[in-house]
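To start, the structure itself, in structure tokens.
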Amino acid sequence: MKKIVVVFTLCFFIVTNGSAQATPPATNRSPMDAGYYPRNYPLLKIQDKFSERLLARIIYSRPQVNARVIFGNIIEYGKVCRLGDNEATEIEFYQKVKMGETKIKKAATLYMPFLTITSGC
């Protein structure tokens, strides 16, 4: 019986020691963020401190510069590019909105914005 306990204990320590040396997966270099309008809507809604309806939600991934030149090098000037780093930025409207002269319906559809970068901006 003692031999079984000793063997089991040794196996346990060998297995746990080996798994402790495993390296964790690398973190994402471009973290995802979400923004709401009105600001802090989810938190205020949970706390019952907000009576307005949600107007819009945006989900985006922030590019990390990491000593790189982004504009003019990775993203060329004058070319159309999508917003967001790893994934496209998504904007969802929960009410009708007007951006400039453009009227946008509330949508079950997600909008993905694109832009053109020019030098000197």
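Say we look at segment 1-46 and pick out the residues that are aliphatic (A, V, I, L, M) and in contact with a strand residue (DSSP E or B) (Cβ under 8 Å, 6 or more places away or on another chain); which of these is modelled with the lowest pLDDT?
Of the residues in segment 1-46, the ones aliphatic (A, V, I, L, M) are 1, 4-7, 10, 14-15, 20, 22, 26, 32, 34, 43-44, 46.
Next, from what is left, pick out any that are in contact with a strand residue (DSSP E or B) (Cβ under 8 Å, 6 or more places away or on another chain): 32, 34.
On the way: Met32: 79, Ala34: 84.
Among them, the one singled out is Met32.
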(message) With the structure loaded, tell me whether Ala107 is part of a loop (DSSP other than H, G, I, E, B), out of contact with any Leu (no Cβ under 9 Å at 6 or more places or on another chain), within 24 Å of Tyr41 (Cβ to Cβ) and not hydroxyl-bearing (Ser, Thr, Tyr) or whether it fails that test.
(response) yes
(message) Exactly one of these conditions fails for Val65: (1) hydrophobic (A, V, I, L, M, F, W, C); (2) modelled with pLDDT of 80 or more; (3) part of a loop (DSSP other than H, G, I, E, B). Give me its number.
(response) (2)
(request) Would you be able to tell me the number of residues in segment 95-118 that are surrounded by 13 or more Cβ atoms within 10 Å (Cβ to Cβ), under 20 Å from the mean Cα position of the chain (by Cα) and not aliphatic (A, V, I, L, M)? (result) 2
(request) State which residue is nearest to Met112 (Cα to Cα) when the search covers only segment 53-71 and only residues that are touching a residue at least 24 places away in the same chain (Cβ under 8 Å) and loosely packed, with under 12 Cβ neighbours inside 10 Å. (result) Arg53
(message) Name the residue that is farthest from Gly35 (Cα to Cα), counting only residues in segment 76-94 that are under 20 Å from the mean Cα position of the chain (by Cα) and outside any loop (DSSP other than H, G, I, E, B).
(response) Cys81
(request) State all residues of segment 69-121 that are modelled with pLDDT of 80 or more, hydroxyl-bearing (Ser, Thr, Tyr) and out of contact with any Lys or Arg (no Cβ under 8 Å at 6 or more places or on another chain); if no residue qualifies, say none. (result) Tyr77, Thr102, Thr118
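The values are calculated or read from the model by the stated rules, or taken from the named source; none is laboratory data. Since we're looking at a predicted model, the values are computed, not measured. Glycine also receives a Cβ, built like all others from the backbone with ideal geometry; neighbour counts cover every protein chain displayed.
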